[in-house]
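Accompanying notes for the structure given below.
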Amino acid sequence: MRSALLMLLSGAALAVYLLGQGTASEPIRFEDVAARAGVHFVVENSPTPEKHQPETMPAGVALFDYDGDGLLDIYLVNGAEMPSLVKTDPKYSNRLFHNNGDGTFTEVTEHAGVAGAGYGMGVAVGDYDNDGWPDLFVANVNGNQLFHNNGDGTFTDVTAKAGLSGATHSGRKMWSIAAGWFDYNRDGLLDLFVVNYVDWDPRYEPACMGLNGRGYCHPDSFPPLTNTLYRNNGDGTFTDVSAETGISKVEGRGMGVAFADYDNDGWPDIFVANDNSPNLLFHNLGGKRFEEVGIQAGVAYNEDGNVLAGMGVDFRDVNNDGLPDIWHTAIENETFPLYLNNGKGAFVNAGQQSRLANLTRLMSGWSNGIVDLDNDGWKDLVVARSNVMDNIEQISRHFRYAEPNSVFRNLGNGQFEDVSAAAGADFTRPAPHRGLAYGDLDNDGRVDLVITALGAPVSVLRNVTQTHNHWILLKLVGTKSNRMGLGAQIRVTTDDGRRLYNEATTSTGYAASSDPRVHFGLGGSRVIREIEIRWPSGTRQLLHDVTADRLMVITESGTGS
């Protein structure tokens, strides 16, 4: 039957059919190179018999080029002693690993001055002062930190000067989990959105019991918080504009944040994945205010009208229709919803049609990503998995605390296939995974992964997928727009007429910051007919007849190189 059908197809029709059936690509595969690369790190979450709530949640991973040598470096966020929340031992230090360009990394934490303080959760990368050097914001349980990149391999803690130590609630710093940089008012300066979780105090924490002793509490045991939006003043300081912009009108238990212009009006919008409270979609009203439209847009609840344990989120176009879609993780029996953008200001949960509902029903997921892993032109899905409860086996015969990670290949026909079994050891080996960030660590055009796990070694997963597909990696340099070009929307037209879409962002997954460069898999196309960039400033830029398989630097309103 299939051979007869193929005989009836020819040319472009055959190519589309093969791509839709997922037959044109070799297995997606990764190799864990952390040990030989010299990336030695364990998340020290300081577990205690009291089961303090933050113990199960550290995750921060950032991939960024801190020293401007064209190679992504790795920053990993760590915990602290519990319940003091103090880094009393070097084992609790956050770590920065410099990419040597030969497949190895060197730890430079002490020299760089980014060991951090407090009990760490997440990290966000952005060049807030447009000096060409990306800066680090670290979200903590007990007060946040901003590290300014000095451009000489070192950073300076400028938190107090910048006014970013963290908003307060009940006289305490809010517990922040994640953050993201974006230019909400399009003034050319990156602003900061901080995701806050729950009102938690170790002195008054409830004792939540499982079947066999104490367990981590359900999120409903703690009051929700509002999120925080800081406007960049352009002088190294920030102003909390949460109230005046409408951000603080709604509460939630925020865990993941991602940005995209979902309605194509030129203004970046915000999606917040909430834990056991409705997800939030903040629609940007001309850079002055935000309107929360999660319910109207169909992304606040699942299709049954229930809240989910939302954790990681990515906000990108998965079906190549030019509209950014939302995929976020949740826990077992909830499924990981895929909200497809219908272009009318709303989304439709395609969990059943895409097969993701059945594929993820028994999974618990933390950080995640929407990224083309085999360069066939269709973005795939990847997720770091583990149950929330470290004693889940005592409660259930069906679930385990440690889970393997998962990869879902995009078949190009609206459906996904679980290809984890062939993806390498990290996708068959269970562990209490948490953080995941993605980026091209060796600039070979194949996107790599860095994944953390509680009390276990970090995984640096080199993408070794054998493919003849082509690719392009775009580094954007803003002039009128912010220097990193975050928020730029890119459309690529290949030599066979296909149109592919992506957006420049670093805010992905759960408490993570991924490669700021924009990656496109091109399938069989060796030449890109046209690249169209809509910069945050509103400038539109076109490049024609671009050869594939290279890193390309594009300066706003200038020429590519």
Residue tally, condition over 22 Å from the mean Cα position of the chain (by Cα), in a loop (DSSP other than H, G, I, E, B) and without any contact (Cβ under 8 Å) to a residue 40 or more places away in the chain, over the stretch 294-326 = 3
All positions within the stretch 392-423 that are modelled with pLDDT of 95 or more and not in a loop (DSSP other than H, G, I, E, B) = Glu403, Ser406, Val407, Phe408, Arg409, Asn410, Phe416, Glu417, Asp418, Ser420, Ala421, Ala422
remark   = Log entry, pairs with first residue in the stretch 98-115 being touching a residue at least 40 places away in the same chain (Cβ under 8 Å), second being of a type in the set (Lys, Arg) and open to solvent by less than 60 Å² (accessible area, probe 1.4 Å), beta carbons closer than 7 Å, six or more apart or on different chains, reads Glu107/Arg95
query = With respect to Gly485, is the statement that it is on the phi > 0 side of the Ramachandran plot and in contact with a Leu (Cβ under 7 Å, 6 or more places away or on another chain) true?
reply = yes
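Residues checked against (1) among the basic types (Lys, Arg); (2) within 18 Å of the chain's Cα centre (by Cα):
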{"residue": "Val158", "(1), (2)": "no, no"}
{"residue": "Ser170", "(1), (2)": "no, no"}
{"residue": "Ala179", "(1), (2)": "no, yes"}
{"residue": "Met209", "(1), (2)": "no, no"}
{"residue": "Arg214", "(1), (2)": "yes, no"}
{"residue": "Arg231", "(1), (2)": "yes, no"}
{"residue": "Phe238", "(1), (2)": "no, no"}
{"residue": "Arg253", "(1), (2)": "yes, yes"}
{"residue": "Ala260", "(1), (2)": "no, yes"}
query = Among all residue pairs at least 6 apart or on different chains, which show Cβ distances below 8 Å where the first residue, located in the stretch 346-372, is without any contact (Cβ under 8 Å) to a residue 24 or more places away in the chain and closer than 19 Å to Val307 by Cβ and the second is assigned to a helix (DSSP H, G or I) and open to solvent by less than 10 Å² (accessible area, probe 1.4 Å)?
reply = Ala357/Gly351
inquiry  = Looking at the stretch 538-545, can you tell me whether even one residue there is touching a residue at least 60 places away in the same chain (Cβ under 8 Å) and either assigned to a strand (DSSP E or B) or over 28 Å from the mean Cα position of the chain (by Cα) (or both)?
reply    = no
key: Yes/no for Arg429 being part of a loop (DSSP other than H, G, I, E, B), closer than 22 Å to Thr56 by Cα and touching a residue at least 24 places away in the same chain (Cβ under 8 Å)   = yes
query = Of the residues that make up the stretch 544-553, is at least one buried (at least 17 other Cβ atoms within 10 Å of the Cβ) and within 25 Å of Asn185 (Cβ to Cβ)?
reply = no
The stretch 268-293 residues that are without any contact (Cβ under 8 Å) to a residue 24 or more places away in the chain and crowded, with 21+ Cβ neighbours inside 10 Å, paired with ones that are polar (S, T, N, Q) and part of a strand (DSSP E or B) (beta carbon under 9 Å, 6 or more apart) = Asp269/Asn284
query = What is the residue count in the stretch 459-501 for residues that are within 23 Å of Val61 (Cα to Cα) and part of a strand (DSSP E or B)?
reply = 9
inquiry  = Tell me yes or no: at least one residue of the stretch 504-514 is in a loop (DSSP other than H, G, I, E, B) and open to solvent by 40 Å² or more (accessible area, probe 1.4 Å).
reply    = no
ask   = Do you know which of the residues in the stretch 410-427 that are over 22 Å from the mean Cα position of the chain (by Cα) and over 21 Å from Gly351 (Cα atoms) is least open to solvent (accessible area, probe 1.4 Å)?
value = Ala422
key: Any pair with Cβ under 6 angstrom, 6 or more apart, that starts in the stretch 237-256 at a residue that is at negative phi and ends at one that is among the small types (Gly, Ala, Ser) and open to solvent by 20 Å² or more (accessible area, probe 1.4 Å)   = Thr237/Gly163; Phe238/Gly163; Ser242/Ser248
key: strands (runs of 3 or more DSSP E) wholly inside the stretch 60-103 that include at least 1 residues being surrounded by 14 or more Cβ atoms within 10 Å (Cβ to Cβ) and among the β-branched types (Val, Ile, Thr)   = 61-64, 73-76
inquiry  = Please go through the stretch 146-164 and give me each residue that is open to solvent by less than 30 Å² (accessible area, probe 1.4 Å) and either among the basic types (Lys, Arg) or assigned to a helix (DSSP H, G or I) (or both), ordered by number.
reply    = Thr159, Ala162
note = Within the stretch 199-240, the count of residues that are closer than 20 Å to Gln394 by Cα, open to solvent by 20 Å² or more (accessible area, probe 1.4 Å), touching a Cys at 6+ places or on another chain (Cβ under 9 Å) and of a type in the set (Gly, Ala, Ser) comes to 1
query = Taking Ile331, is it under 22 Å from Leu500 (Cα atoms), surrounded by 21 or more Cβ atoms within 10 Å (Cβ to Cβ) and in contact (Cβ under 8 Å) with a residue 24 or more places away in the chain?
reply = no
ask   = Restricting the search to the stretch 262-293, which residues are more than 28 Å from Ser364 (Cβ to Cβ), in contact with a Phe, Trp or Tyr (Cβ under 7 Å, 6 or more places away or on another chain) and in a loop (DSSP other than H, G, I, E, B)?
value = Pro268, Gly286, Gly287
task = Answer yes if at least one residue in the stretch 445-458 is open to solvent by 20 Å² or more (accessible area, probe 1.4 Å), in contact (Cβ under 8 Å) with a residue 12 or more places away in the chain, within 18 Å of the chain's Cα centre (by Cα) and under 20 Å from Ile370 (Cβ atoms), and no otherwise.
result = yes
inquiry  = Checking the condition modelled with pLDDT of 95 or more and crowded, with 18+ Cβ neighbours inside 10 Å, which residue from Lys480, Lys475 passes?
reply    = Lys475
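Have a look at Val382, Val407, Val388 and point out the one that is open to solvent by 20 Å² or more (accessible area, probe 1.4 Å), touching a residue at least 60 places away in the same chain (Cβ under 8 Å) and not charged (D, E, K, R).
Details: Val382 fails: open to solvent by 20 Å² or more (accessible area, probe 1.4 Å); Val407 fails: open to solvent by 20 Å² or more (accessible area, probe 1.4 Å).
Every option except Val388 fails the conditions.
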message = Looking at the stretch 133-145, can you tell me whether even one residue there is in contact with a Lys or Arg (Cβ under 6 Å, 6 or more places away or on another chain) and not hydroxyl-bearing (Ser, Thr, Tyr)?
response = yes
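The values are calculated or read from the model by the stated rules, or taken from the named source; none is laboratory data. Source: prediction; values computed, not measured. Please note: Cβ atoms are built from the backbone with ideal geometry, for glycine as well, and neighbour counts cover all protein chains shown. Surface accessibility is based on the protein's heavy atoms, side chains included, excluding ligands, DNA and RNA. Shrake-Rupley method; radii C 1.70, N 1.55, O 1.52, S 1.80 Å.
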